[in-house]
Each structure stands twice: as structure tokens, then as C-alpha cells.
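Quick notes on the structure that follows.
The values are calculated or read from the model by the stated rules, or taken from the named source; none is laboratory data. The structure presented is a predicted model; accordingly, all values stated were derived computationally and were not measured. Cβ placement follows ideal geometry from the backbone for every residue including glycine, while neighbour counts extend to all protein chains displayed.
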Amino acid sequence: VYPGYELFKRFFVELVGEANDASYHVYLVLLSGACSTAIACIGVCPAEATRIRQVSDKGYADTTLGVAQRIVREDGFFKGLYEGFGLLLARQISFGMMKFLVFDYFANWVYATFPSMDDNTTLQLTVSLLSGAVAGVVSTIVSQPADTVLTKMKASKSEPAGSVISRVFRDYGPQGFFQGVGSRCVWAGSIIAGQFLLYDIGKNALQVAPDDLTLFLDVLGSVQMSPPV
């Protein structure tokens, strides 16, 4: 997701022109996050279906691979592993869009408020860790309703999304869509903070700068456009 976000962001900046980057920055961040997350969902959906089935039915199979194999055997590949793909997209895209947007703006706010934080690598990584935690919490709150519906839909195995939404609202009211949001905020905040930290550590270790990415994509594009010999 993270390399994909960088690639899409660069692509969209090229489309609007670097001079217009500041004017359309929010939209570029949201669109880049949405596109990279949507592609990642192709692989996330089977893993999520397997995880939910494993959690909701402890005796379904002994291993994660066994759970996936039984799902495919009983329900088919696409119906079993990709059921609710649209709802998963809604959850993941809303999560991904907010994650990158909040991280970007919170980190920029920290650097604007405390310019000295940008003076050395250790402080920069601290900002990445803190910004990632905040981004994870905000993204969780935004995507929690879709996560609640998706989890209950997968747990029931056959209940459609519309029926789940009606049942949750009838039984618990609007707050029902935010059940478990606290524990998920703790989990997601920790995970996303770690992801951004590791991503920035990797970029620093490899000494990858934005200009390096631009050069790589320019070379790749020229190779693809070159006529065959």
C-alpha cells in the first residue's frame, strides 16, 4: 500500500502539474490513498474472509490454510473468499484515505509547530511514529461502521449487508455501529504507527528521496515507450 501510495501520488501530481500541487493537495492525498488501497483489497479480501471465519467459528479448521481451503470447498472461490468485496472496499478505502491524509497533515503540523523536529533522523522517525498512531485512531473511527457490518455479515455466513445494517440499528441504535471501536483504535493505532515508522526507516536506510522515485518512474516510462529492437 505504501509504495503504491507514493506512485499514485506522483502520478496524480504529474497530471495536475506540480504548480497546482498545493491547491489540490487534499484531493491528491485522498485519491492516491484510495487507489493504492483498492488494489491492495484484491489480496486483503481473501485474508479477511479467512480471519473472520476463523474468529467467529473456532472449530471451523485447525489452521488458517485449512480455513481457506474449507471455505473454497464449501462456498466456492469467489463467493467464499470475495463475498462482501464491495463492503470491504468501503471499509478499507475509507480507512486508507483517512490514514494518509491525517498522517500527512499531522506530520506537517508538527514540523510547522516544532521546526527543530526536522533536524535529525531520530526526531523525524518520532514524528512518523506519533503521526501514524494518530492516523490509525482517526481512520479506525471513520471506518468502524463498515467494519462492524462486514464482521457481522461474515459471521452470519449468509445475511446480506442491508439486513445486517437494519438489525444493528434496530437492536443498538447508531452507537451499535461503533461496538468495539476502542480496542480497534488501540490495535490500529499501534499497527499503523509501526508501519509508518518501518516505512520511513526503510526509506532512510536505502536513502530513497522523492527525486529518486521520480527518476525511477521516468526511466521506467521511457523503457516502456521505447520501440522493440
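In table form, for the structure just shown:
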| read-out | value |
| --- | --- |
| Some residue of the stretch 189-201 being modelled with pLDDT under 90 and among the charged types (D, E, K, R) | yes |
| Residue in the stretch 159-167 that is modelled with pLDDT of 85 or more and in contact with a Gly (Cβ under 7 Å, 6 or more places away or on another chain) present | no |
| Subset of the stretch 6-43 [in a helix (DSSP H, G or I), polar (S, T, N, Q) and more than 17 Å from SER94 (Cβ to Cβ)] | ASN20 |
| Some residue of the stretch 56-65 being of a type in the set (Gly, Ala, Ser) and without any contact (Cβ under 8 Å) to a residue 12 or more places away in the chain | yes |
| Candidate set: the stretch 1-56, residues that are of a type in the set (S, T, N, Q) and more than 14 Å from the chain's Cα centre (by Cα); chosen: the one farthest from ILE192 (Cα to Cα) | ASN20 |
| Every residue from the stretch 158-197 that is touching a residue at least 12 places away in the same chain (Cβ under 8 Å) and at positive phi | GLY180 |
| For TYR199: the one exception among (1) more than 17 Å from VAL1 (Cα to Cα); (2) of a type outside the set (S, T, N, Q); (3) within 24 Å of the chain's Cα centre (by Cα); (4) crowded, with 17+ Cβ neighbours inside 10 Å | (1) |
| Selection status of SER94, at pLDDT 90 or above and more than 25 Å from ILE52 (Cα to Cα) | no |
